[in-house]
Amino acid sequence: MTYDFDKPVERRGTGALKTDALKERYGRADLLPLWVADMDWETPQFITDALKARLEHSLFGYTVEPEDYWPTVQEWIWSHHQWRVEREWLSYIPGVMKGVGMVINFFLKPDEKVIVMPPIYHPFYLTPQGNKREVVWSPLKGDKIDFDNLEKVCDDKCRLLMLANPHNPMGIVWDRETLKRVAHFAKEHNLIVISDEIHCDLALYDNKHIPFVTVSDEAAEVGITFSAPTKTFNLAGIVSSWCIIPNDKLRKPFYEWMAANEFNEPNMFAPIATIAALKNGEEWRQQMLRYIEGNVEFLIDYCKTHIPQIKPRRPQASYLVWLDCRALGLSHEELKDLFINKALLALNDGEIFGKEGSGFMRLNVGTQRSVLAQALKQLEEAVKSLS
């Protein structure tokens, strides 16, 4: 079957964060939204059909997990990432960042710290800060982890290291040696590593995602993996995340605590959507990835030809593109004004990913090419107006 990723979808008025929060977040509602990390394509019909079938039985009482729920997840992880995940390692969690908050509150004492490596997905530092934990900053060195700096900033109060794998916002697929070094560093410094792998099924251009805990015994000992089908199949509104912990010394007390508080019980629709996506979604996923690659190349070519001051970084994974806008010579406030008030575009402001993001913007190309083309035309005209 051939899927149509050019089909326009009207999201305004549906409660979509991407469109209906523009006035609140950007001060105006007349912007093309290319910001928050969901895609503008309809959730595939095979998922919608599975949900509709359950809705036909109009009684929504307490439910149990379908028998094929976790075997389907295990099979997907094995077939796509060659990782044999044992059933006992797996648990439902009510969202990746909620899971991060749970780990912080369960494992970290009030005076213990969380290490982040900016530029980085902003909830990686907002969630610890919101839970009254100190955040320790160890910026990336270009597109590499700065292990020398990690040694300098890590003290005996550091307890948790946050890893975006693949990286958000830069789209880096970390290589095996880097992940091994992270694991060894964590083991030596008594750190837990949370590996957020929610973009793992969105590797582009023949890049290969490597699950963190598979790279070494040390990684399996220190690692907690969070993932979900939500980014891949546009399911963010149906919370269907999972947690994987191989080390029983981490897993057993944490999962017992989650069970006691019923945090590990999925809503009725999460398993249904997950099973439908993972059993039927591979062809859709492959076509979607090729379309994203086409959008990335369109963006890069357009900027090179028409807006050479803006240099997109070609992502190795995901539909999020890191734009280097420093050659425009603008302050960061002027850069935001250019995008919002002159180009009429809503992108993610680079500085929310840490001060290292000054002069950058994050653009979501998970949209119809006609929308992307219109956005780039508006941006071109806005840049021309500067001179």
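Brief remarks follow.
- Exclusive hit being farther than 30 Å from Ala259 by Cβ, at pLDDT 95 or above and within 20 Å of the chain's Cα centre (by Cα), set His199, His167: His167
- Here Gly27 passes the criteria (1) outside the structural domain of Phe212 (by TED's automatic domain parsing); (2) touching a strand residue (DSSP E or B) at 6+ places or on another chain (Cβ under 6 Å) except the one numbered (2).
- Qualifying residue in segment 89-109 (condition: touching an Asp or Glu at 6+ places or on another chain (Cβ under 7 Å) and surrounded by fewer than 18 Cβ atoms within 10 Å (Cβ to Cβ)): no
- Segment 221-302 holds helices (runs of 4 or more DSSP H) entirely within its bounds, and those carrying 1 or more residues that are small (Gly, Ala, Ser) and surrounded by 15 or more Cβ atoms within 10 Å (Cβ to Cβ) map to 269-280.
- Criterion: of a type in the set (Phe, Trp, Tyr) and in contact with a strand residue (DSSP E or B) (Cβ under 9 Å, 6 or more places away or on another chain) - qualifying residue of Trp76, Trp41, Trp83: Trp83
- Every pair of residues 6+ apart whose Cβ atoms lie under 6 Å, when the first sits in segment 358-382 and is not assigned by TED's automatic domain parsing to the domain that holds Pro119 while the second is among the basic types (Lys, Arg) and surrounded by fewer than 23 Cβ atoms within 10 Å (Cβ to Cβ): Gly359/Arg326; Ala382/Lys342
- Residue match in segment 309-328 (condition: more than 25 Å from the chain's Cα centre (by Cα), under 26 Å from Val9 (Cα atoms), free of Cβ contacts under 8 Å to residues at least 60 places away in the same chain and not in a loop (DSSP other than H, G, I, E, B)): no
- Pair list, Cβ < 8 Å and 6+ apart or interchain, from segment 190-204 residues that are aromatic (Phe, Trp, Tyr) to residues that are assigned to a helix (DSSP H, G or I): none
- Qualifying residue in segment 284-293 (condition: more than 21 Å from Lys7 (Cβ to Cβ) and of a type in the set (Phe, Trp, Tyr)): no
The values are calculated or read from the model by the stated rules, or taken from the named source; none is laboratory data. These numbers were taken from a predicted model, which means no experiment stands behind them. In this analysis, Cβ positions are derived from the backbone assuming ideal geometry, glycine residues included, and neighbour counts consider all displayed protein chains.
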